[in-house]
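A short reminder: the numbers here are calculations on the coordinates, not readings from a lab. Treat the numbers as computed from the prediction; the structure is a model and nothing was measured. Cβ coordinates were reconstructed from backbone atoms using ideal geometry, including for glycine residues, and neighbour counts include every protein chain displayed.
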Amino acid sequence: MAFDPATLTFSADGLVPCIAQDADAGEVLMMAWMNAEAVARTLETGRVTYWSRSRQAFWIKGESSGHVQELVELRVDCDRDCLLALVRQTGPACHTNRRSCFYTALRDGDEVEILTPMV
């Protein structure tokens, strides 16, 4: 059965969250938003493409930084309202130059930085 992005459950803004996970290590790297066109572009090109809510524009991960996300597999959750992109990440995934955007842990009521910038 062919996939149709229109079968996803989008928010009122026409967006669906997409979690990027390292395809080999299983590490969760980041979360960003996609609209139907971003999903289609990602599947067509193999380069993960998101929708920037602040800029109201598409952004291909790594187009300016060189920290590319190559799509290995795109998965749809059971409610069809969230995506999981299994990727091969080149360099840091976070705009803070950390491997993952999830670099702050909550431990015993405190925020603890668990990842330092890669560059």
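Couple of notes before you dig in:
- Isolated Cys residues of the chain, judged by Cβ distance under 4.7 Å to other cysteines: Cys18, Cys78, Cys82
- Exposed-loop-free span, longest in the chain, where trypsin sites (Lys or Arg not before Pro) count as exposed if DSSP calls them loop and at most 13 other C-beta atoms lie within 10 Å: 1-52
- Here the translational diffusion coefficient of the range 1-86 follows from Stokes-Einstein with Rh set to the Kirkwood radius across Cα pairs; for 25 °C and 0.890 mPa s it amounts to 189 µm²/s.
- Helix-only arithmetic for the chain: the sum of -39500 (n - 2.57) across DSSP H runs with n ≥ 4, divided by the residue total, places the mean residue ellipticity at 222 nm at -2500 deg cm²/dmol.
- For Arg53 and Asp81, the FRET efficiency from 1/(1 + (r/R0)^6), where r spans their Cβ atoms and R0 equals 22 Å, is about 0.85.
- Backbone geometry of the range 19-30 corresponds, through the Karplus equation with coefficients 6.51, -1.76 and 1.60 at θ = phi - 60°, to 3J(HN,Hα) couplings of 8, 9, 10, 4, 5, 8, 8, x, 5, 6, 9, 6 Hz, x marking Gly and Pro.
- Charge dipole of the chain about the Cα centre (unit charges at C-beta), most positive-ward option of Cys78, Ile60, Met34: Ile60
- Cα centroid separation, the range 1-56 to the range 75-119 (Å): 15 Å
- The angle between the Cα long axis of helix 36-45 and the longest principal axis of the Cα atoms of the chain comes to about 80 degrees, rounded to the nearest 10.
- The phi-based Karplus calculation (6.51 cos²θ - 1.76 cosθ + 1.60; θ = phi - 60°) puts the 3J(HN,Hα) values of the range 88-94 at 9, 9, 9, x, x, 8, 8 Hz, whole numbers, x for Gly and Pro.
- Calculated FRET efficiency for the pair Glu27/Phe3, C-beta based, R₀ 30 Å, to 0.05: 0.70
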